[in-house]
Amino acid sequence: MHDCFHYITMTTRLAVWSAVLSAATVAAARVVTYPAPHGEPLSQDYTLEVNGEPVAIYLAKLADVQNPPPWALKPGQLGGPYSFAYFDFSGSVTLKITSLKKPLDKLVIRPSYGIRPVVQGNTVTFTLDQPRKISIEPDGVREPLLVFANPLEIDPPRKGDPGVIYYGPGIHKPVNIKVSSGQTLYLAGGAIVKGGVAVSGRNVKIRGRGILCGNDWPWRKGPGRLLGMNDAVNVSVEGIILRGAWSWTLPIYNCHSVNITNVKICGGRNPNDDGINPCNSQHVVIRDCFIRTDDDCIAIKGIKFGTANDNVEHILVEDCLLWCDRARVFLLGHEGRAPFMRHIVLRNLDILHFNMTPFLFEPGEEMCIEDVLVENVRLNATKGGGPKQIYRNLIALHPVVNQYMRNKVPGRIKNITFRNVTLAGQQEQNGYSVWVKGADATHTVTDVIFDNVTWFGRVLEQNDPQVRIEANTENIRFVPPGHRSGPAARP
């Protein structure tokens, strides 16, 4: 009897402590939401609540070009506009999402992050205990909901602070915004700022939770770039959303020490909306970002400007989610007017959807691409998910001459490592190959390591049919699982 009483007492105590801890966890959770500004069209496809608080859901356009070129994405190929929402939180929160038009019987959450969704009818609930960027996909690539669950803002500036260009909640259309040395551009949560931002000078900050929007301008006819940097040093961009660029979204020309953190790019409305383009720049960090574009997600280029250092060096891209509707995810060297493109690290990345070659390295104009590490990358292949799928390569390393080059000679590639790269999803017959080819005896590809590159569950080896190692190459190695492939490159 005493033992039974002791067991009941201990069980009761544990239940009480569990309830106390649970209540403490709920009490510690904090959610910050931002009402949408009056007059902004919102999504009619979903509703979202976070710990019972409603969250505004916005729209992003796809294929929004009049008289597009023949190679452009057609409006019906990916199923119309998509939705996105953002909020800030700490602790553990519960999300409740209702799909108003699509059933959830085929729901996929990308990346999964170990999330355990509970689906009841057209509603799904799940918890998050840390900031995440996720894609809620009832119907694959067609009309998903992107959820940007941010950390809480720390010490945001206030309107009227010295050196601060401040946009509060509401819709603003300044058209042109110039940010120079020592200034901070702040877009508050609930703000939609329509225009282009030009950054130059030193010690510049761009931050907030608002949306910088280019939807009002047609293809190639907006005010400069959506967010362009020229001749800048020590620039940080954090937390904002970039929507609907009319051309390249975030180009970085001739800059040094640029940090881009927790930036969300919701593109796809035109065929030249590259996500982030480091051009002739050094020490660029792109971390914890989401990028969806029609054109290349990240294109690293050597467009020469005649400065003391034209090289593209020390570029780090990590902890990012990437989605490219038509072009490449990473394009290195396409426009190569720089002696070197080197010391580049691309790691811990989730490529949610892609169409053309995700990793395309093709230097020209005597540029050398060297010392590149691609590590811990997970790719999801979507069969027939995009347009024509012209290129079937997973990785292509090939010096070339193309129409964008002024000096009509190829470049060179050396010292490249692909480590722990995993391709999963829907397999296409004869698709997603690894292709390595030099241009000639002078413009070669040398010293390339493929270490644990997994192709639909199988580690690729050099003699596999998906591997093509062609002329003018040297020391191309496939490392067996469990063997070290040498030290990692450093950004």
Starting from the Cα of K408, draw a straight line to each of the lysines and keep only those under 26 Å, dropping any in the same chain fewer than 8 residues away.
-> K301, K304, K437
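Just the number, please: percent antiparallel of the DSSP beta bridges in the chain, rounded to the nearest 5. Don't skip to the answer; put the middle values down first.
Working: 34 of 167 bridges.
The answer is about 20 percent antiparallel.
How long is the gain from T94 to A28 if the chain were fully straight, where each residue apart is worth 0.36 nm and the alpha carbon distance is subtracted? Can you show the working numbers first?
Details: separation 66, 0.36 × 66 = 23.76 nm, distance 1.34 nm.
Here the answer is 22.4 nm.
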Nonlocal amide H pairs with I303, under 5 Å, H built at 1.01 Å = N280, R337
Expressed as a rounded percentage, what relative contact order does the chain have, with Cα pairs under 8 Å and six or more residues apart?
-> 8
Angle, helix 2-28 long axis vs. longest principal axis of the chain, Cα atoms, 0 to 90°, nearest 10?
-> 60
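When a footprinting reagent is the concern and you count Cβ atoms within 10 Å, what order do H38, H334, H353 take, fewest first?
On the way: H38 8, H334 21, H353 24.
Sorted ascending by nearby Cβ count, the order is H38, H334, H353.
If you take the square roots of the eigenvalues of the alpha-carbon gyration tensor of the range 129-183 and sort them as a ≥ b ≥ c, do you get rounded (a/c under 1.5), prolate (a/b over b/c) or oblate?
prolate
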Applying the gyration tensor rule to the Cα atoms of the range 116-265 (axes a ≥ b ≥ c; rounded if a/c under 1.5, else prolate if a/b exceeds b/c, else oblate), the class is prolate
Note: probe point = Cα of T125 + 7 Å toward Cβ; backbone nitrogen < 17 Å; residues of the range 26-54 passing the test are 26-27, 47-54
Alpha carbon centroid spacing (whole Å) that separates the range 418-472 from the range 48-97 = 34
Compute the Cα gyration tensor for the range 249-329, then decide on rounded, prolate or oblate, letting a ≥ b ≥ c be the square roots of its eigenvalues: rounded whenever a/c is under 1.5, prolate when a/b is larger than b/c in the other cases, and oblate in all that remain.
-> oblate
Mean separation of Cα contacts under 8 Å (at least 6 apart) over the residue count of the range 31-150, i.e. the relative contact order in percent, is 27
Computed curve, the range 31-150, Cα-only Debye sum without solvent term, log₁₀ I(q)/I(0) at 0.12, 0.15, 0.23 Å⁻¹, is -0.46, -0.69, -1.40
Between K173 and N402, take the C-beta separation as r, use R0 = 51 Å, and let me know the FRET efficiency to the nearest 0.05.
-> 0.85
How many nm is it between the label spots at Q66 and N234, if each spot is 7 Å from the Cα in line with the beta carbon?
-> 4.6
Spread of Cα-to-Cα distances over 10 Å intervals beginning at zero, given as percent, for the chain | 4, 19, 29, 25, 15, 6, 2, 1, 0, 0
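Readers should treat all values here as calculations from the given coordinates under stated rules, not as data from a laboratory. All figures in this text were calculated on a predicted structure; none of them were measured in a lab. No Cβ is skipped: glycine too gets one built from the backbone with ideal geometry, and neighbour counts run over all protein chains shown.
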